[in-house]
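For reference, the structure discussed in these notes is given below.
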Amino acid sequence: MVMTVAISTVHAASGTNDDGADRIRKRFEDATSRRIDAHGTIRHGARAEAISRLKKQQKYIETPLAEQPQWTSLGPRSTGGRVKSILIHPTDPNILYIGAAAGGVWKSTNAGGTWIPIMDDANGIATGSLCFHPENPDIIYVGTGEQVQNANTYLGAGLLRSTDAGVTWSTVGLTDVGSFSRVYVHPANPSIIMVSCMNTNGGVYRSEDGGSTWSRKLSGQVYDMSINPSNPNEWFVSLPDSGIYYTQDAGATWQQRINGISGSIGRISIQQSSMNEDVLFALIELDNLAHIYRSNNKGQVWTRQYVDGQGCFFSGSCSPSGSQGFYDNYIYISPHNDQVVFAGGIDIWRTTNGGSTWQNMTQGYGDGNGANAPHVDQHCLAIHPENANIVYAGNDGGMLRSTNGGVSWSVINDNLSITQFYSFDLDPTDRRRNFGGTQDNGTLGTFGQTEWDTMAGGDGMITIVDYGNPNRFYGNYPNGVIYRYQINPRQQRIVMDGVDDSEPAGWVAPLKMSPHDPATLYHGRRRMYLTNLSGDVWYPISDPMPNGLLVTAIEVSPADPTVVWAGSNGGDLLVTDTEGEEWTLLDRSQ
């Protein structure tokens, strides 16, 4: 059974932008929208099961994966990507481990001078938290899955462990947990492991047999956990909306501890001082603003040390409505001096007087640093165990190092290939030239080297090299803002004439060049659009997708230029054999 969809025509103009918070949520929505089931959820373990099936199928494949050509990294070598966790080796501080949001675990043996990947073959390489075994730093635990409050995230494959400094990995357990916010191994009894988790089956879990069995001590979306190193039965955890909870009996009983904190509570980061167990700091997204609190009595009473009245701490546009406190949010007390505390939001902030005053140490959006400013959106920090001046920080742009306690920073991303690409295209006339759109690191291009140039900033989406004119490519920004880019000399032009930019579009709105004519391109939003003038003018060529859905995929037949397919985020498929004059919606029941 088929149905015919009529044609309509609308004419309009230019593109739109979302604030930072919306952009972050839409990234994750895009990653999950084509993977959810009829109930709006992703069945946990589906990725691991697919990998398992792939491995079982190898004996039936003519050329199994093990015999196929080896892949070589093209870079980018130094652009970086989102880093969620940092470990510094306790006896050799030149050895660092970091966990990337979607790129696995990486290792450096020269204090961040260069990096190598060490977890590429794991069933899940999205990472949330890392932890050393307290007696043997060759034993490393990785909680997989990226933890982000109020957003669908890159889910993991449970708790993993390496016993050989990252050469090999095995699954410890908790494979039904979506993501891990903290992993902690008991310093006196390493058989006891405690983890805090979010998303699927969130909560606090404890194992007393090295991870063979687990008991759930608390349910909920637990973003952060701090454990007293001198009394590992004493824990503090934070839950969005409900606040901070305390246990002194290893999770048997819990007390809410928010005395002194009032307002609409979002994400909370919390840490207990390793020098004075009575002292805690918490960074709280409260009423969409950043508030930093201190307690001098184990959380029984909290005193506010800082409030961001303008909204700039969690928002690049200094707007409370654009708060990213659910995304970039951490607190870190120096192990050398608990008067020194770092707090991460858009930038890295520091106090050297126990919280009385705070200073922005990175100024990511300018104020004198300009293009040399450290990348924005901070996620984690660690301080050298022997030298308080050496500080490492992870953000959306990779890794930073400071040698003066955070006063100035240098980028240490050499060979840290964790950039998250939305798309990639090759120049058909010169395979050394490649272009791709990346998450939060712009549209990048390479001209035969592993260092890539930034062609356009922000979030880069689709890229298409013009095979009729290799001196240019097409690309788009979030929600379908299309541009044409001349490579030499470099010039970018928005080409949206005829596209109704008020019409909803996907985060990564599809853009497809016809293999029969490079001047003919298709673009998908709620409807399909066509240009046969290299983007100068566009025309709508379909009615809206049924049920309010969006076009998310386009394909042109390589044999017949009139045959075009369009797929939706709801699984609908339309086809035309008249180059868009008439469309047929295929019946999914057949």
Out of all the residues in segment 345-367, is one or more touching a residue at least 40 places away in the same chain (Cβ under 8 Å), under 17 Å from the mean Cα position of the chain (by Cα) and under 20 Å from S273 (Cβ atoms)?
-> no
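So that you can scan it fast, the table gives a plain yes or no per residue for (1) under 18 Å from T171 (Cα atoms); (2) free of Cβ contacts under 8 Å to residues at least 12 places away in the same chain:
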site: I51; (1), (2): yes, no
site: Y60; (1), (2): no, yes
site: S73; (1), (2): no, no
site: R77; (1), (2): no, no
site: G80; (1), (2): no, no
site: L87; (1), (2): no, no
site: G99; (1), (2): yes, no
site: A111; (1), (2): no, no
Counting only residues in segment 294-308 that are touching a strand residue (DSSP E or B) at 6+ places or on another chain (Cβ under 7 Å) and polar (S, T, N, Q), the one nearest to Q271 (Cα to Cα) is identified as S295
Starting from residues that are surrounded by fewer than 19 Cβ atoms within 10 Å (Cβ to Cβ) and among the acidic types (D, E), keep the ones in segment 126-182 and report whichever is nearest to S238 (Cα to Cα).
-> D176
Residue hits (segment 301-314; buried (at least 16 other Cβ atoms within 10 Å of the Cβ) and at pLDDT below 90) are G311
Do we find a residue being touching a helix residue (DSSP H, G or I) at 6+ places or on another chain (Cβ under 9 Å), surrounded by fewer than 16 Cβ atoms within 10 Å (Cβ to Cβ), hydroxyl-bearing (S, T, Y) and in contact (Cβ under 8 Å) with a residue 24 or more places away in the chain anywhere in segment 321-337?
-> yes
Any idea which of (1) buried (at least 16 other Cβ atoms within 10 Å of the Cβ); (2) of a type in the set (V, I, T); (3) out of contact with any Lys or Arg (no Cβ under 8 Å at 6 or more places or on another chain); (4) modelled with pLDDT under 95 is the one I487 doesn't satisfy?
-> (3)
Restricted to segment 207-244, and to residues that are part of a strand (DSSP E or B) and in contact with a Lys or Arg (Cβ under 7 Å, 6 or more places away or on another chain), which residue is surrounded by the most Cβ atoms within 10 Å (Cβ to Cβ)?
-> I244
Return only the number of the condition from (1) in contact with a Cys (Cβ under 9 Å, 6 or more places away or on another chain); (2) assigned to a loop (DSSP other than H, G, I, E, B) that N353 does not satisfy.
-> (1)
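The rows are residues; the columns are (1) polar (S, T, N, Q); (2) without any contact (Cβ under 8 Å) to a residue 24 or more places away in the chain; (3) closer than 17 Å to D30 by Cβ.
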position: K512; (1), (2), (3): no, no, no
position: N569; (1), (2), (3): yes, no, yes
position: D572; (1), (2), (3): no, no, no
position: D577; (1), (2), (3): no, yes, no
So, in segment 432-457, of the ones that are buried (at least 16 other Cβ atoms within 10 Å of the Cβ) and in a loop (DSSP other than H, G, I, E, B), which residue ends up modelled with the lowest pLDDT?
-> D440
Note on segment 511-530: residues assigned to a strand (DSSP E or B) and among the basic types (K, R) are K512
Of all residues in segment 559-572, which are within 35 Å of the chain's Cα centre (by Cα) and either within 12 Å of M528 (Cβ to Cβ) or loosely packed, with under 15 Cβ neighbours inside 10 Å (or both)?
-> V564, W565, A566, G567, S568, G571
Could you pull out the residue among I412, I418, I331 that is farther than 24 Å from W115 by Cβ, among the aliphatic types (A, V, I, L, M) and touching a strand residue (DSSP E or B) at 6+ places or on another chain (Cβ under 7 Å)?
-> I331
Run down I346, I333, I292 and say which single residue is in contact with an Asp or Glu (Cβ under 7 Å, 6 or more places away or on another chain) and hydrophobic (A, V, I, L, M, F, W, C).
-> I346
Give me the pairs, please: first residue somewhere in segment 438-464 and within 21 Å of L521 (Cα to Cα), second residue anywhere and of a type in the set (F, W, Y) and not in a strand (DSSP E or B), beta-carbon distance under 6 Å, and either six or more positions apart or on two chains.
-> none
Within segment 506-525, of all residues that are within 15 Å of T562 (Cα to Cα) and among the charged types (D, E, K, R), the one farthest from the chain's Cα centre (by Cα) is D517
Quick one: H375 ticks every box in (1) assigned to a strand (DSSP E or B); (2) crowded, with 20+ Cβ neighbours inside 10 Å; (3) not hydrophobic (A, V, I, L, M, F, W, C) bar one, so which box is it?
-> (1)
The residue that is surrounded by the most Cβ atoms within 10 Å (Cβ to Cβ), considering only those in segment 496-511 that are aliphatic (A, V, I, L, M) and in contact with a His (Cβ under 8 Å, 6 or more places away or on another chain), is V499
Close pairs from segment 482-502: first among the small types (G, A, S), partner assigned to a strand (DSSP E or B) and modelled with pLDDT of 95 or more, Cβ under 6 Å, at least 6 apart = G498/Y539
Among residues of segment 163-179 being touching a residue at least 24 places away in the same chain (Cβ under 8 Å) and polar (S, T, N, Q), the residue farthest from Y205 (Cα to Cα) is T163
With respect to M399, determine if the residue is outside any loop (DSSP other than H, G, I, E, B) and surrounded by 24 or more Cβ atoms within 10 Å (Cβ to Cβ).
-> yes
Considering only segment 543-555, state which residues are over 27 Å from the mean Cα position of the chain (by Cα) and more than 19 Å from I482 (Cα to Cα).
-> D543, P544, M545, P546, N547, G548
Residues of segment 257-307 being closer than 20 Å to C380 by Cβ and outside any strand (DSSP E or B), which ones?
-> S273, S274
What is the residue count in segment 531-561 for residues that are part of a loop (DSSP other than H, G, I, E, B) and hydroxyl-bearing (S, T, Y)?
-> 3
Out of the residues in segment 458-500 that are assigned to a loop (DSSP other than H, G, I, E, B) and of a type in the set (A, V, I, L, M, F, W, C), state the one that is nearest to the chain's Cα centre (by Cα).
-> M461
Scanning segment 75-111 residue by residue, those surrounded by fewer than 22 Cβ atoms within 10 Å (Cβ to Cβ), more than 15 Å from G166 (Cα to Cα) and within 21 Å of the chain's Cα centre (by Cα) turn out to be G75, R77, S78, A102
Scan segment 515-550 for residues that are of a type in the set (S, T, Y), in contact (Cβ under 8 Å) with a residue 40 or more places away in the chain and under 20 Å from G570 (Cβ atoms) and jot them down.
-> Y522, S542
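The values are calculated or read from the model by the stated rules, or taken from the named source; none is laboratory data. Because the structure is predicted, anything quoted here is derived from the model rather than measured. Virtual Cβ from ideal backbone geometry, glycine too; neighbours counted across all protein chains shown.
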